[in-house]
Amino acid sequence: MTSSVSDSWSEGVKVTSNGFEGIRHGTSYWLGAEMSVKDKDGRRPEDGSYGGSRFRKLMPAAAEVGREASRRTHSRLGSVKGESGVMAMAVENRAAGRLVGALIGPLSAGSIQQKRSFMEGKLGQRVAAERLTLVDDPLIPRAFASRHYDGEGISARRRTIIDKGVVGMYFVDTYYGKKLGWAPTTGGTSNLLFEGGEGDQASLCKAMGDGILVTGFLGGNTNASTGDFSLGVQGFRVRAGAIAEPVSEMNIAGNLLDLWQRLAAVGADPYPYSSARTPTLVFDSVQFAGT
């Protein structure tokens, strides 16, 4: 096992040509642990855990992080390559940020202006199931990405990115806003919130019944121009609502616009150590490639 601890203090001054001036400073604290173990067949599965905060008093206990790293790693022992098929997929809150980032990134004005976004022309259109409402809120006290202004001095405010599956905004900075003839909104995300979620991972897997719980993505790629994706995954088989054997060396593939239309459930268990605050997500009828 290896462990790490870090802390930082930063201060920044911003002066822009539109007359804006601002000063901000902040602190950051992180600790983590990674571990590998030897399986019976000689493989060495690995996993880890970490935690952090902008305030030292809100840090998780080091022993808690170490125990979680050990638990996660030992749970990978005996992993098998699961069977191919179309199954329900639950995505652990810690891992769901990979899918959310691939959905939000193409909403930037830069991507749209440069014709490399599958979200071009989607403002006001449905791109996900109705149960997805995603909010950007930079004003949450003590949150990782809270701020009074963005990278170019635009005043921070709460915005709805996707409202019941419908695109509500693009991320428009001044530069690309001028190129597109659009009014600036903000250049990028701050703290993401998923509204209307219910339940935690255990209850959502129980309701799912049969499928795969994805706890990590291993390589792969996402095409921001088309929305096509192919991602390696690892996790656990779920049978009759209970966690069963660990699985690895599997792959999921499809298109993001189709995948998010298949969103079947959103949890109320946001991951606490990320500005994305992703909960457990459940999708119906996902194509898995395995044995």
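Full extension of the chain segment joining residue 56 with residue 6 gains 16.9 nm, where the gain is 0.36 nm per residue of separation less the Cα-Cα distance. Within the stretch 159-230, the proportion of Cα pairs with more than 16 Å between them is 72 percent. With K and R counted +1 and D and E -1, the other residues having a Cβ less than 11 Å from that of residue 291 yield a net charge of -1.
Averaging the sequence gap over all C-alpha pairs within less than 8 Å and six or more residues apart, then dividing by the number of residues, gives the stretch 136-227 a relative contact order of 25 percent. Would you give the gap between the C-alpha center of the stretch 170-189 and the C-alpha center of the stretch 195-251, rounded to a whole Å? That distance is 34 Å. Cut-off 10 angstrom, C-alpha nodes, Gaussian network model of the chain. Which of 101, 42, 66 fluctuates the most? Highest fluctuation among the options: 42. Can you give the local net charge around residue 185? Use residues other than it whose beta-carbon is closer than 13 angstrom to its beta-carbon, Lys and Arg +1, Asp and Glu -1. Cβ neighbours under 13 Å give a net charge of -1. Choose one answer from 84, 274, 17: the residue with the largest mean-square fluctuation in a GNM of the chain with alpha-carbon springs under 10 Å. Of the options given, 17 has the highest mean-square fluctuation. Neighbours of residue 29, meaning other residues whose beta-carbon lies under 13 angstrom from its beta-carbon, give a summed charge of +3 when Lys and Arg score +1 and Asp and Glu score -1.
Coordinate-derived values only; no laboratory data. What you see is a predicted model, and the numbers here were worked out from it, not measured in a lab. Backbone-built Cβ (ideal geometry, glycine too); neighbour counts: all protein chains shown.
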